[in-house]
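First comes the structure, then the notes that go with it.
The values are calculated or read from the model by the stated rules, or taken from the named source; none is laboratory data. Note that the structure is predicted; figures quoted are calculated from it, not measured. Ideal geometry is used to build each Cβ from the backbone, glycine not excepted, and the neighbour counts take in all protein chains shown. Ligands, DNA and RNA are excluded from the accessible area calculation, which covers all protein heavy atoms including side chains. Shrake-Rupley method; radii C 1.70, N 1.55, O 1.52, S 1.80 Å.
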Amino acid sequence: MSELVALLKTLIEVPSINPPGDNRAISKCVAAWLGGLGAEVRVLAPPEHPLMQSVVATIGAGSPVVMLHA
């Protein structure tokens, strides 16, 4: 199985049910994967919605900048 297929299989298996919008498990999974690639990873959530986390990852510096949101 290719690395990409294995990653997609893992992502599909992680619960991220909406509503209620609790994406902590998938955020943790994505953060771990990006951290394993050497990225500097931060997981952020607004105080009013602590279950709705965003993963911010940085690799290197400067351009280009890519943002993914799912």
- Message: So Ile17 ticks every box in (1) aliphatic (A, V, I, L, M); (2) in a loop (DSSP other than H, G, I, E, B); (3) closer than 16 Å to Leu68 by Cα but one. Which box is left unticked?
- Response: (3)
- Query: So which residues in region 53-70 are open to solvent by less than 90 Å² (accessible area, probe 1.4 Å) and farther than 21 Å from Thr10 by Cβ, if there are any at all?
  - Reply: Thr58, Gly60, Gly62
- Scan region 1-17 and report the pairs whose first residue is farther than 13 Å from Ala31 by Cβ and whose second residue is β-branched (Val, Ile, Thr) and assigned to a helix (DSSP H, G or I), with Cβ atoms within less than 6 Å and a gap of 6+ or a chain change. Ser16/Ile26
- Item | In region 27-50, the residues that are exposed (fewer than 13 other Cβ atoms within 10 Å of the Cβ) and either among the charged types (D, E, K, R) or in contact with a Pro (Cβ under 9 Å, 6 or more places away or on another chain) (or both) | Glu40, Arg42, Glu48
- Message: Here's a check for you: in region 1-14, which residue that is among the hydrophobic types (A, V, I, L, M, F, W, C) and part of a loop (DSSP other than H, G, I, E, B) is most open to solvent (accessible area, probe 1.4 Å)?
- Response: Met1
